[in-house]
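S.K.: Provided herewith is a single structure, encoded as structure tokens, for subsequent inquiry.
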Amino acid sequence: MSATGRFAPSPSGDLHIGNLRTALLAWLFARSSGRGFLVRIEDLDRVKEGAAERQLEDLRELGLDWDGQPVRQTDRRALYDAAIDGLVTQGRTFECFCTRREILEAPSAPHRPPGAYPGTCRDLTPAERESRRVERNPAIRLRSDVETWTVRDLLHGEVTAGVDDLVLRRGDGVPAYNLAVVVDDGDQGVDQVVRGDDLLTSAPRQAYLAELLGIEKPLYAHVPLALNTEGQRLAKRDGAVTYRELTERGIDVFATITGSLGLTGSTPEQLLDTFDPAALPHAPWTFTPPA
Ligand SMILES: [Zn+2]
């Protein structure tokens, strides 16, 4: 399978200019390195009717292209289930009956990072599991045998983060985000992951999971997010931030994005010759929506 990059939005609403900037960067990283480029719709959760179609339209408006048809995670459940079942068979998982509240309230073990799963259900006896299954459907968690994992990121260098017993399949049967992403990247031949740096701390646990599943770990580049004028992550409530809203107000979205990156050209192709990952700004980009 040929090497490829990807953009993988969740269809929870329209993309804002910060998301579009990340999409353009993912495209530039992929195409400038001779890679293919895929779009994947991460619709296992948080779906808004019609949002996926609008997102694809906005990416096209921005001048981006991709190889083949975008895949939807909801069409790929069998792949995720096969990966989870493989880990179950290897004895690398356990059933977890905890509610979110129980996990938050449990005393955290001294060697685990705050917010990490406290290990409550790790060593339940078969009889305990049997009786708890009557109350609720268990989630399937990875029985992680490391505490941290390290990845290399093109912008951030070596990044080490905690790996806890992450959820692979939720109690409602839906594959967990981290699992689906890793399985998809492996299955689709994605060897370059360019995405917002809010996901930087998820990269080590995903790389660990990839290792367990025998999937080659990708090159990572976590790019700076767009912020509002208060220094928070840019969001819909900040005003006109989507492609349509900005275009209606006479703003050239492509030029605004390329300007923020120090790139010149009026189409994505025209940026390819001068695109230099090493010259990318490392600081977040503050976007002020038009009045
Ligand atoms: Zn539990």
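The values are calculated or read from the model by the stated rules, or taken from the named source; none is laboratory data. None of these values were measured; they are calculated from a predicted model. Neighbour counts run over all protein chains shown; Cβ positions are idealised from the backbone, glycine included.
S.K.: Being surrounded by fewer than 20 Cβ atoms within 10 Å (Cβ to Cβ) and out of contact with any strand residue (DSSP E or B) (no Cβ under 9 Å at 6 or more places or on another chain): is that true of THR89 here?
M.R.: The answer is yes for THR89.
S.K.: Within segment 250-289, can you find the residues that are part of a loop (DSSP other than H, G, I, E, B), over 18 Å from ASN19 (Cβ atoms) and more than 25 Å from the chain's Cα centre (by Cα)?
M.R.: GLY250, GLY262, THR264, GLY265, SER266, THR267, ASP273, THR274
S.K.: Let me ask another. Hey, can you tell me all the residues within segment 112-161 that are under 21 Å from LEU87 (Cβ atoms) and among the acidic types (Asp, Glu)?
M.R.: Selection gives ASP123, ASP145, GLU147.
S.K.: Could you please let me know if ASP123 is surrounded by fewer than 15 Cβ atoms within 10 Å (Cβ to Cβ) and over 30 Å from LEU280 (Cα atoms)?
M.R.: Against the criterion (surrounded by fewer than 15 Cβ atoms within 10 Å (Cβ to Cβ) and over 30 Å from LEU280 (Cα atoms)), ASP123 qualifies.
Listed here are the residues, each with its yes/no results for (1) of a type in the set (D, E, K, R); (2) surrounded by 16 or more Cβ atoms within 10 Å (Cβ to Cβ); (3) modelled with pLDDT under 95; (4) in contact with a helix residue (DSSP H, G or I) (Cβ under 8 Å, 6 or more places away or on another chain).
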site	(1), (2), (3), (4)
GLY34	no, no, no, no
PHE37	no, yes, no, yes
ILE41	no, yes, no, yes
ARG46	yes, no, yes, no
GLU53	yes, no, no, no
GLY68	no, no, no, no
GLN73	no, yes, no, yes
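S.K.: Could you grab me the full set of residues in segment 265-286 that are without any contact (Cβ under 8 Å) to a residue 24 or more places away in the chain and within 14 Å of SER33 (Cβ to Cβ)?
M.R.: ASP273, ASP276, ALA278
S.K.: A further question on this structure: Would you confirm whether or not segment 39-48 contains a residue that is among the aliphatic types (A, V, I, L, M) and touching a residue at least 60 places away in the same chain (Cβ under 8 Å)?
M.R.: Yes; the residues of segment 39-48 include at least one that is among the aliphatic types (A, V, I, L, M) and touching a residue at least 60 places away in the same chain (Cβ under 8 Å).
S.K.: What number of residues in segment 140-160 are part of a loop (DSSP other than H, G, I, E, B) and away from the ligand (no atom under 16 Å from the Cβ)?
M.R.: 6
S.K.: Only residues that are farther than 10 Å from GLU95 by Cβ and touching a residue at least 40 places away in the same chain (Cβ under 8 Å): list them for segment 123-144, please.
M.R.: Passing the criteria: LEU142, ARG143, SER144.
S.K.: Would you call ALA82 surrounded by 10 or more Cβ atoms within 10 Å (Cβ to Cβ), on the phi < 0 side of the Ramachandran plot and more than 16 Å from the ligand (Cβ to nearest atom)?
M.R.: So ALA82 passes the test.
S.K.: Next question, about the same structure. Every residue in segment 114-139 that is of a type outside the set (Lys, Arg) and part of a helix (DSSP H, G or I), please.
M.R.: PRO126, ALA127, GLU128, GLU130, SER131, VAL134, GLU135
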